[in-house]
There are 4 protein chains.
Amino acid sequence: MNTDINYKETLEEIYHTVKSEKNLGEIANYIPELAKTDPDNFGIYFSSIANEEYGIGDWETKFSIQSISKVLSLSMAYHLIGDKIWERVGVEPSGNAFNSLVQLEADKGIPRNPFINGGAIVICDFLISHLKKPKEEFLHYIKELSGCEDISYSESIAKSEWSVGYRNIALCNFIKSFGNIENDPDEVLDFYFNMCSIQMNCSDLTKTFTFLKDSTFTNSSGHRVLTTSQVKRINAIMQTCGFYDESGEFSFKVGLPGKSGVGGGIVAIFPEKYCITVWSPKLNEKGNSYRGMKFLEAFTTKTKLSIF
Amino acid sequence: MNTDINYKETLEEIYHTVKSEKNLGEIANYIPELAKTDPDNFGIYFSSIANEEYGIGDWETKFSIQSISKVLSLSMAYHLIGDKIWERVGVEPSGNAFNSLVQLEADKGIPRNPFINGGAIVICDFLISHLKKPKEEFLHYIKELSGCEDISYSESIAKSEWSVGYRNIALCNFIKSFGNIENDPDEVLDFYFNMCSIQMNCSDLTKTFTFLKDSTFTNSSGHRVLTTSQVKRINAIMQTCGFYDESGEFSFKVGLPGKSGVGGGIVAIFPEKYCITVWSPKLNEKGNSYRGMKFLEAFTTKTKLSIF
Amino acid sequence: MNTDINYKETLEEIYHTVKSEKNLGEIANYIPELAKTDPDNFGIYFSSIANEEYGIGDWETKFSIQSISKVLSLSMAYHLIGDKIWERVGVEPSGNAFNSLVQLEADKGIPRNPFINGGAIVICDFLISHLKKPKEEFLHYIKELSGCEDISYSESIAKSEWSVGYRNIALCNFIKSFGNIENDPDEVLDFYFNMCSIQMNCSDLTKTFTFLKDSTFTNSSGHRVLTTSQVKRINAIMQTCGFYDESGEFSFKVGLPGKSGVGGGIVAIFPEKYCITVWSPKLNEKGNSYRGMKFLEAFTTKTKLSIF
Amino acid sequence: MNTDINYKETLEEIYHTVKSEKNLGEIANYIPELAKTDPDNFGIYFSSIANEEYGIGDWETKFSIQSISKVLSLSMAYHLIGDKIWERVGVEPSGNAFNSLVQLEADKGIPRNPFINGGAIVICDFLISHLKKPKEEFLHYIKELSGCEDISYSESIAKSEWSVGYRNIALCNFIKSFGNIENDPDEVLDFYFNMCSIQMNCSDLTKTFTFLKDSTFTNSSGHRVLTTSQVKRINAIMQTCGFYDESGEFSFKVGLPGKSGVGGGIVAIFPEKYCITVWSPKLNEKGNSYRGMKFLEAFTTKTKLSIF
């Protein structure tokens, strides 16, 4: 393992190489509001265990974190409720697209893992049952994790998702038909769409995910967020399920636990080494950031800092 | 990461704890010959990056390595043929049982990964096309990896598998019907059943898999077996696909790349730290060694030596 | 073919035989309102091509026609829109349960046939797009078919279905996500749940379905309802798809085109011979009336009046 | 129902119309031997209940009956074994392609109906268990049905099917893996491929299927072949499952029980009215004879002689 890497130089070099190459893929356009983003945005924020921090490119621009939020809702629910959550959601990779209903039918309404849409919806249902003001408390939780105050839901994106979210409405009602949703589907979906609409920049995200990197597992105020075992589990699920049906490919090429969102963000973690966020809105066919994947593959290959 | 662990003491302590608990699960009885094994066998062999080596219990008893052999055939094919193998077999977890045909139909005969039976059969087909004497050369390859001469096919187990291997015969012919098998199905299956019948003990296996642990990636003669990138990939696939539809669970509980077989063996690797083989024939519902899983979960929890 | 059957005697004899036997199965209890029906209701209404009409048992009691209504909405849409409806709904048996979402995913939102729930929902969407006052006009259509004025929606049943209809809400939104629903899902579902709630008795139903029996294909006012070819097609779809995943069994045992509903009603037609409605609320495992199936099997066996 | 039709004139008129139109579709070319047939062959043989018989075009040319043979093996097994056959094969339409393995996995090795390949293979297994010389006795059975002596297996076609029959080999071994095949898969497949290779002409086939048309249900020697109830059942299964995943379409357009084969033959029956065989080798996308479907649709439309 390479320990005397000049991170700053390496990050900048790869950034410029990837930026000089053609920016392929398509921006997520099924959510009207997302389609408005500038496709050439490209930002990175890196933080090592020794608290070396580097931002490159558009790292200060806020974007829609989308599915990356699923790791945060899972962490909050895991802390509040503990291992009982695994009675209603699995930990196996799904082998199917993120919004597939096929497996759910075979599995009688128990989603395969908390990162496919169905599983994330069940986690939202848990939070709604346990929190008094779910949306306020969830946002507060993220602010505590990151130490950043300037984080908010995007009302226009949440509304935009509602307006075209027929597949998610179908998923939530389908799971409810199996008895695996406790609350009113409309309330659960409202939380879900809002959660996905959260706006953060690369720096916010890297700071937020620091609790998964550092073995103190604390938030910005120094409070313990999860137990050692819980962190290990969340990292393991990110490793096997974090990239939809490209999780194997990501594991194979990048070799880090991570989570992507259709807003073009990817957060990846090397436990006890570093946490990094890459953002570039154009997506490959599987729905993961084209440049994000390229950047991370080059980074772990060059630094030899993958977990494998 | 804990670096001053007394491995020997920890291994022995966990071994005795697990041994003192009830030995649950069922021995694999669908292959008549396998059903003859003594269900209370329990062996471990550990090797650290610093070449500390420890064997405990029945580590010298040979057993049928079964699906663990799939990592070895994949390594050999990957070395011989390179990335072209990924045109005919995927790298994604399957989300289905190891011998499911459903996904194959949807995927037009391209198995999801090289560790489900269909994928392993395609890898066998590659080897048959590339080797003059496939069975001899494959055995020679394993002997070179391990430095052990006393490794052989079990004719009686191979025959026993043929006699009940209707599902695998179905798989091979099904893939052939999509054009993804080049050779005669009977020849491919003969290689496959023999490969699964290989007899090794815990020590042999740990020594064989050393090339995945150590960044020199060499076999017992000091020859390079795979490139750095290839090793990273094989470890990644073991992480996401090594335990059938319990891969997420293993990743979640143990947090290491590894591979299990229905003979009750499990090999697990912490890159640049250690390689370990556990063997105990009784299997849990998902087909993985009951005691093997318990042992490894306790070991990585206690030592905090998981990749997450 | 037996032409000098004494229908009245035969009907009564079978009625008494079936009534004397144990009334097995379960009343549909997933819709709270339906569960209130007396399970021992048992009514029959028969009408021959020569207008011999016989009612037996509880033939005057109104019940919820449920899925039987799907034939009527299909007939109305087929008349209004013609063969264009087959661009958005298929004519093949589904081989799956009536409310399965699996096939829909593979078929990209085109339901297999108009009698599974998804297909019926698409037909409702057609009617909403083509009618000014869909609910009023549909009820009027049925009154015209039957010549009965005393037919109505059941507000309490429609409401009861809405309250537990998560699977249907999922289906409708899922199809909408593929672009195969034009209107607002809530509006479509409101029409669908109301349509299923219609209350009719055995006599009303037999009179309503007369247009499928008689080659003049006219309603009670003597107006042509469908073309010869359209009638042939609707009868064919009832034959292959009228009984959920027991369609083959019904075809096999009874040998008539027909349609059942979870309210316990079954309408069956022998083109140019007779039309018959049987009602008994207890359902077999497949969701078809237990006594209804028994009665019709005995009737076509005894009279040798099946189409095969 | 039209009873004073001039069958001869109608048949000839439609024959000439269809022949004058473009002959679309593709000959079955996955079986090398079948691909040698002249694609413009077009023959018809009709037989009414009053024994009016008419042959048109290439009605005397022998062709490979392929799946049409499945009705004959089913009839023979049904007669020999009775309703016990339904414990190992279903009667529901499959909603999937004829050689799909997906459903079999969900249904634990019980094929949906006797006309999909898996179901026909189970029926072959029944016959092998019950007959001393299966191939000889089955051929004898057909000769008795038809009264024609000049009927034989085609060794070259059977061999040709074996050489490319990987999907069927897969199916048979897959069902065996569930325990639903008693005999050696190779023996079962040999019978199956031979059965499909039988060569008959339109006249032979029409005469063979006469037992399903006429309520005496006798073969050419006047011996009873099946009971009334058994005939009703076979006709019902042909109606719902006779045309692969185009069964609904056939039922919808033609409205008769029938069975097609990839050799381009179709036999259709109007119980107590007539039996007709049409042969033309070019197949539509679903694997049914293009001209055969066109001819029968025109014939039942024109004569109004469909069962609906």
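Every read-out reported here was derived from the displayed coordinates using simple, explicitly stated rules and does not represent laboratory data. Since the structure is predicted, the reported quantities are computational estimates derived from the model, not experimental observations. Positions of Cβ are backbone-derived with ideal geometry, glycine not excepted, and every protein chain shown enters the neighbour counts.
Listing for the model above:
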{"quantity": "Dipole magnitude of the protein assembly as shown about its Cα centre (Cβ charges: Lys, Arg +1; Asp, Glu -1), debye to nearest 20", "calculated": "0 debye"}
{"quantity": "Set A:Lys62/A:Lys259; A:Lys259/A:Lys286; A:Lys22/A:Lys294 screened for pairs whose C-alpha atoms are more than 19 Å apart", "calculated": "none"}
{"quantity": "At most 12 other Cβ within 10 Å, DSSP loop - GluC sites (Glu not before Pro), the range A:136-187", "calculated": "A:Glu149"}
{"quantity": "Rotational relation C to B, axis-closest Cβ in chain C, residue and distance rounded to whole Å", "calculated": "C:Ala106, 4"}
{"quantity": "Theoretical FRET efficiency, 1/(1+(r/R0)^6), r = Cβ-Cβ of D:Ser20 and D:Lys302, R0 25 Å, to 0.05", "calculated": "0.95"}
{"quantity": "Dipole magnitude of the range A:1-148, debye to nearest 20 (Cβ charges: Lys/Arg +1, Asp/Glu -1, about Cα centre)", "calculated": "700 debye"}
{"quantity": "Across the identical copies, how the C:Glu155 labels are spaced - nm, sorted shortest first, 7 Å along Cα→Cβ", "calculated": "3.6, 8.1, 8.5"}
{"quantity": "Proximal aspartates and glutamates to D:Lys232, defined as alpha-carbon separation beneath 16 angstrom and excluding residues fewer than eight positions away on the same chain", "calculated": "C:Glu249, C:Glu297, D:Asp83, D:Glu92, D:Asp214, D:Glu272"}
{"quantity": "Shortest-first nm distances, C:Arg224 label point to equivalent points in other copies (7 Å, Cα→Cβ)", "calculated": "4.7, 8.2, 8.3"}
{"quantity": "Loop chymotrypsin sites (Phe, Trp or Tyr not before Pro), the range C:36-129, which have at most 12 other Cβ atoms in a 10 Å radius of their Cβ (DSSP)", "calculated": "none"}
{"quantity": "Two-site label geometry, D:Ser229 and A:Ile81: point separation in nm, points 7 Å out along Cα→Cβ", "calculated": "5.3 nm"}
{"quantity": "Cα-based shape type of the range D:127-192, given that a ≥ b ≥ c are square roots of the gyration tensor eigenvalues and the cut on a/c is 1.5", "calculated": "oblate"}
{"quantity": "Centroid-to-centroid separation of the range B:280-302 and the range C:127-163 [C-alpha atoms, Å]", "calculated": "61 Å"}
{"quantity": "Tilt relative to chain C, helix C:155-164 - C-alpha long axis, 0 to 90 degrees, to 10", "calculated": "60 degrees"}
{"quantity": "Helix-derived mean residue ellipticity, 222 nm - over chain B, DSSP H n ≥ 4, -39500 (n - 2.57), to 500", "calculated": "-13500 deg cm²/dmol"}
{"quantity": "Neighbouring partner chain Cβ atoms per residue of A:119-130, average, 10 Å criterion", "calculated": "0"}
{"quantity": "Label-to-label distance, nm, for residues given as A:Ser221 and A:Asn51 (7 Å Cα→Cβ offset)", "calculated": "1.9 nm"}
{"quantity": "Coarse-grained scattering of the range A:7-303 at q = 0.07, 0.15, 0.16 Å⁻¹, given as base-10 log I(q)/I(0) from a Debye sum over alpha-carbon atoms", "calculated": "-0.23, -1.15, -1.33"}
{"quantity": "Length-normalised contact order of the range D:7-303 in % [C-alpha pairs under 8 Å, at least 6 apart]", "calculated": "28 percent"}
{"quantity": "Label 7 Å beyond Cα on the Cβ vector: C:Ala35 copy-to-copy distances, nm", "calculated": "4.6, 4.6, 6.2"}
{"quantity": "Order by protection proxy (mean Cβ within 10 Å, highest first), peptides B:287-295, B:226-234", "calculated": "B:287-295, B:226-234"}
{"quantity": "Subset of C:Lys273/D:Lys70; C:Lys135/C:Lys213; C:Lys304/D:Lys133; B:Lys132/B:Lys213; B:Lys135/B:Lys207 violating a 28 Å alpha-carbon distance limit", "calculated": "C:Lys273/D:Lys70; C:Lys304/D:Lys133; B:Lys132/B:Lys213"}
{"quantity": "Rounded to the nearest 20 debye, dipole of the range D:137-291 from Cβ charges on Lys, Arg, Asp, Glu", "calculated": "680 debye"}
{"quantity": "Chain A: angle of helix A:117-130 to the longest principal axis, Cα-based, in degrees nearest 10", "calculated": "70 degrees"}
{"quantity": "Mean separation of Cα contacts under 8 Å, 6 or more apart, over the residue count of the range A:182-308: relative contact order %", "calculated": "20 percent"}
{"quantity": "Spatially proximal aspartates and glutamates relative to A:Lys36 (Cα-Cα < 19 Å; intrachain offsets below 8 disregarded)", "calculated": "A:Glu26, A:Asp58, A:Glu60, A:Glu155, A:Glu161"}
{"quantity": "Neighbourhood charge, 15 Å Cβ-Cβ cut-off, centred on C:Ser154 and excluding it, Lys, Arg +1 and Asp, Glu -1", "calculated": "-2"}
{"quantity": "10 Å Cβ neighbours from other chains, averaged over peptide A:226-233", "calculated": "3"}
{"quantity": "Average Cα contact separation per residue, the range C:123-224, under 8 Å, 6 or more apart, as relative contact order %", "calculated": "41 percent"}
{"quantity": "With Cα atoms, 0 to 90° folded angle of helix C:290-303 axis to chain C main axis", "calculated": "50 degrees"}
{"quantity": "Separation of the B:Ser163 and C:Ser156 label points, Cα + 7 Å toward Cβ, nm", "calculated": "6.7 nm"}
{"quantity": "Compactness of the protein assembly as shown as Cα Rg over 2.2 N^0.38 Å, two decimals", "calculated": "1.02"}
{"quantity": "Gyration tensor (alpha-carbon) shape descriptor, the range A:100-152, a/c threshold 1.5", "calculated": "prolate"}
